[in-house]
Amino acid sequence: MAASEQNALIISLEEQFQSKIDADIRIEPKDWMPDSYRKTLLRQISQHAHSEIVGMLPEGVWITRAPSLKRKQILLAKVQDEAGHGLYLYAAAETLGMGRDDMYEELHSGKAKYSSIFNYPSSSWADVGAIGWLVDGAAILNQIPICRCSYGPYARAMVRVCKEESFHQRQGFEVLLTLANGSPEQRAMAQDAINRWYWPSVMMFGPSDGESTHSEQSMRWKIKRFSNDELRQRFVDMVAEQIKVLGLQHPDSDLKWNAERGHYDFGAIDWDEFWNVVKGNGPCNRERLETRRKAWEEGTWVREAAVAYAEKKKQRSESIVTLAAKAA
Amino acid sequence: MSQTNNTQGPVWEVFTQKKSGAPFQHAGSLHAFDKEMALENARDLYTRRDKPSGLWVVPATEIVAVSPGDAAPFFDPSDDKVYRHPTFYEVPEGVQNL
Ligand SMILES: [Fe+2]
Ligand SMILES: [Fe+2]
């Protein structure tokens, strides 16, 4: 085929593809898709998966130190769910043609990113509450629209994830409410955790619309349904109301209801801090990656044993087939 | 895209049945090295809530599917026989239970 003919073919394929998206027809793994659509999705889904996995670390360290058996069981179930979310998402990313081992390699080498929020330390029990309420709360707002994403496997994984998320946010709120109604020290602990986790959570929605590089194309492809700033505003409004029930102080002194907009106005976001953490200089970036690498390296013998077992089993069944053929 | 190595085992598709008598539905996929491991992983990954009544795991390579390009002609004759639907027929007024 001549180059011009090939170009014409790709253009018509791209037009067909976009018209499917416009008609809300889902794209499935074996369907034709533009290379850039595949790459964008692979980047987004694998980063999302990595975030679920790394996201287990700040909460995981509190499992052995939870203040009661009930809280321990709840936290264990929550962290287990996050592992599950990571696995649903890795499976969805694999349908785009990248192997699981390669994705892990990208995480461990630092090539792939994960949500910056998990590079902050969880220094007190109240942080478990703040993470559940604020971090899972923000994640839910991000994830709900992805249930209608144009890529079928991603959308289906997200439906499962969203069903499981709602208890995550509630248990966090309950932890904070219990502390808020406790002793002055417990109240102070809850307030401190909220003060530290609020702004990083506001930043979870990513750069402002003007600064966001991939947004416009992702909207056209219906990978993204709402802009970063729209989702961020929803989060700010939600938290502004819910914190009243906790009876704690809002960390943003500039927060103010704007009757004209029907939304809360809020203070300036420290984007220098955001980019600094994205670039790897957050308080826990190194520690998180080291923990992941260590877990991967220490699991080598398990993977090697499993591969050797599979190989042995395959050889055995092949030799049985050969024997049977000889006997016949 | 490159697949440098695979230490995860083959992919299995997982189907769950919510309650007895209900159809099995695709839940997702996972990696496992044999049937037993696939079933156990599927239980841990896809049935953490609402105890289902059934679970199937199938090696992904064993699934036969209509390729997307062929779907339209493959299914074509199924849409043009209106008389396959009860709404095609006129029911005279007063006829009960028809
Ligand atoms: Fe999650
Ligand atoms: Fe969660």
Quick calc, segment A:191-295, dipole around Cα centre from Cβ unit charges on Lys, Arg (+) and Asp, Glu (-), nearest 20 debye, gives 720
Taking segment A:52-189, the lysine pairs whose C-alpha atoms sit under 23 Å apart (8 or more places apart or on different chains) add up to 5
Between the Cα axis of helix A:184-203 and the main Cα principal axis of chain A, the angle (0 to 90°, nearest 10) is 50
Taking a probe of 1.4 Å and leaving out DNA, RNA and ligands, segment B:12-54 shows per residue an accessible area in Å² of 59
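Using only the Cα atoms of chain B, build the gyration tensor, take square roots of its eigenvalues as a ≥ b ≥ c, and label the shape rounded, prolate or oblate: rounded if a/c is under 1.5, else prolate if a/b is larger than b/c, else oblate.
Note, shape of chain B comes out oblate.
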Expressed to two decimals, segment A:195-295 has a Cα Rg over Rh, using the Kirkwood radius, of 1.03
In segment B:1-93, taking the dipole from +1 charges on Lys and Arg beta carbons and -1 charges on Asp and Glu beta carbons about the Cα centre, the listed residue (B:Gly54, B:Phe74, B:Val91) farthest towards the positive end is B:Gly54
Within segment B:46-86, DSSP-loop trypsin sites (Lys or Arg not before Pro) with at most 13 other C-beta atoms within 10 Å are B:Arg48, B:Arg49, B:Lys81
Rounded to the nearest Å, the spacing of the alpha-carbon centers of segment B:36-98 and segment A:290-328 is 35
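Counting only protein heavy atoms and using a 1.4 Å probe, what share of the accessible area of the protein assembly as shown belongs to carbon plus sulfur, as a whole percent?
Using a 1.4 Å probe with all protein chains present, the protein assembly as shown comes out at 55 percent carbon and sulfur.
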Expressed per residue, the solvent accessible area of segment A:36-154 in Å² (1.4 Å probe) is about 30
Checking segment A:189-297 for GluC sites (Glu not before Pro) in a loop per DSSP with at most 13 other beta-carbon atoms within 10 Å yields A:Glu211, A:Glu260
Here FRET efficiency (C-beta to C-beta, A:Arg316 to A:Arg293, R₀ 30 Å, nearest 0.05) is 0.30
Answer in debye to the nearest 20: the dipole magnitude of chain B about its Cα centre, from +1 Lys/Arg and -1 Asp/Glu charges placed on Cβ, is 520
For A:Glu273 and B:Asp34, extending 7 Å from Cα along the Cα-Cβ vector and measuring point to point gives, in nm, a value of 5.3
Residue span A:Lys72 to A:Lys113: 0.36 nm per residue of separation minus Cα-Cα distance leaves a gain in nm of 11.8 nm
Per DSSP, the loop-located GluC sites (Glu not before Pro) within segment B:59-97 having at most 13 other beta carbons within 10 Å are B:Glu90, B:Glu93
Rounded to the nearest 10 degrees, the helix A:100-109 long axis (Cα) sits at an angle to the longest Cα principal axis of chain A of 50
With a Förster distance of 35 angstrom and the Cβ-Cβ distance between A:Ile25 and B:Val82, calculated FRET efficiency to the nearest 0.05 equals 0.90
For the A:Asp101, B:Val58 Cβ pair and Förster radius 25 Å, calculated FRET efficiency rounded to 0.05 is 0.65
Quick calc, the protein assembly as shown, dipole around Cα centre from Cβ unit charges on Lys, Arg (+) and Asp, Glu (-), nearest 20 debye, gives 1380
Here, A:Ser12 and A:Glu304, labelled 7 Å along Cα→Cβ, have an inter-label distance in nm of 5.5
Once accessible area is computed for A alone, B alone and the pair with a 1.4 Å probe, the total buried surface, to the nearest 100 Å², works out to 2000
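The values are calculated or read from the model by the stated rules, or taken from the named source; none is laboratory data. Treat the numbers as computed from the prediction; the structure is a model and nothing was measured. Because the Cβ atoms are built from the backbone with ideal geometry, glycine has one as well, and the counts that use them run over all protein chains shown. Only protein heavy atoms, including side chains, enter the accessible area calculation; ligands, DNA and RNA are left aside. Shrake-Rupley method; radii C 1.70, N 1.55, O 1.52, S 1.80 Å.
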